[in-house]
1. How long are the three semi-axes of the equivalent ellipsoid of segment 40-95, in whole Å, if each is the root of 5 times an eigenvalue of the C-alpha gyration tensor, listed from largest down?
2. Based on the alpha-carbon gyration tensor of segment 8-85 and its eigenvalue square roots a ≥ b ≥ c, which shape applies: rounded if a/c is under 1.5, prolate if not and a/b is larger than b/c, or oblate?
3. Amide H of residue 41: which non-local residues (sequence gap of 5 or more, or other chain) have their own amide H closer than 5 Å, using H built in the peptide plane?
4. Would you work out the Kirkwood radius for segment 101-144? I mean one over the mean of 1/r across all pairs of different Cα atoms, in Å.
5. On average over all directions, what projected area in square nanometres does the chain have, based on the convex hull of its Cα atoms?
6. Run the 1.4 Å probe and let me know the accessible area of residue 148, rounded to the nearest 10 Å².
7. Spelling out what I want: for every residue of segment 55-62, take phi, set θ = phi - 60°, compute 6.51 cos²θ - 1.76 cosθ + 1.60 (Karplus), and round to whole Hz; glycine and proline get x.
8. Search the structure for amide H atoms under 5 Å from the amide H of residue 127, placed 1.01 Å from N in the peptide plane, and list their residues when 5 or more places away or on another chain.
Amino acid sequence: NIDIINYMDKQPVSYYQADHLSKSIARAVKKDKVTHVLGLARGGLVPATIISYKLKVPLLSYAVSTYEDTTKTNELKVVQDVNFSSLAKGSKLLVVDDICDSGDTIKFIKKQIKKVDGITAIYSTLFTKKKTKRLLNHYGVVVSGDTWIDFPWE
């Protein structure tokens with residue numbers, strides 16, 4: 001018998017690299033005149049905080065998870081949400097996450113934001129898989145489908 005091992009290329013990312021990519025995204029979206037940065041907890045909060053400071057706009061937090069440790073689950077759990085209706089008409093959000101892997105989280109948050117009249121959003125991640133980059137307006141690095149990014153905050 002031969003056991004099949006799912007090989008995943010694990011790539012460590014330093015705080016310095018995450019900081020650099022976050023600041024690059026902030027520079028790229030400056031012209032978009034976002035009014036708020038929405039960090040997707042947990043992984044998106046560090047880059048969202050950096051970007052929020054660089055853009056000098058308020059930081060919001062939305063907690064949603066599709067992973068149990070490092071295993072993807074079929075269930076998407078909302079742990080903390082944002083009352084988008086309470087934001088001023090014309091608000092433009094920059095949604096930030098650490099990685100767009102399956103795209104499920106970005107697709108979910110897009111649906112939530114689209115439900116609210118007068119609010120628009122653009123979407124960014126530090127890393128994205130090639131198959132999901134089309135879901136984003138901005139991203140730092142495209143990685144292969146068999147790459148696991150090991151963030152320093154994990």
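1. Working through the eigenvalues yields semi-axes of 24, 15, 7 Å.
2. Oblate shape, in that a/c is at least 1.5 and b/c is the bigger or equal ratio.
3. 62, 63, 64
4. This gives a value of 11.0 Å.
5. 9.6
6. Approximately 50 Å² for this residue.
7. 8, 6, 10, x, 9, 10, 10, 10
8. When sequence neighbours closer than 5 places are left aside, the close amide H contacts are 99, 100, 140, 141.
The values are calculated or read from the model by the stated rules, or taken from the named source; none is laboratory data. Predicted model, so just to flag it, every value in this text is computed and none were measured. Neighbour counts are summed over all protein chains in view; Cβ atoms, including those assigned to glycine, are modelled from backbone coordinates with ideal geometry. Just the protein is used for accessible areas: all its heavy atoms, side chains included, with ligands, DNA and RNA removed. Shrake-Rupley method; radii C 1.70, N 1.55, O 1.52, S 1.80 Å.
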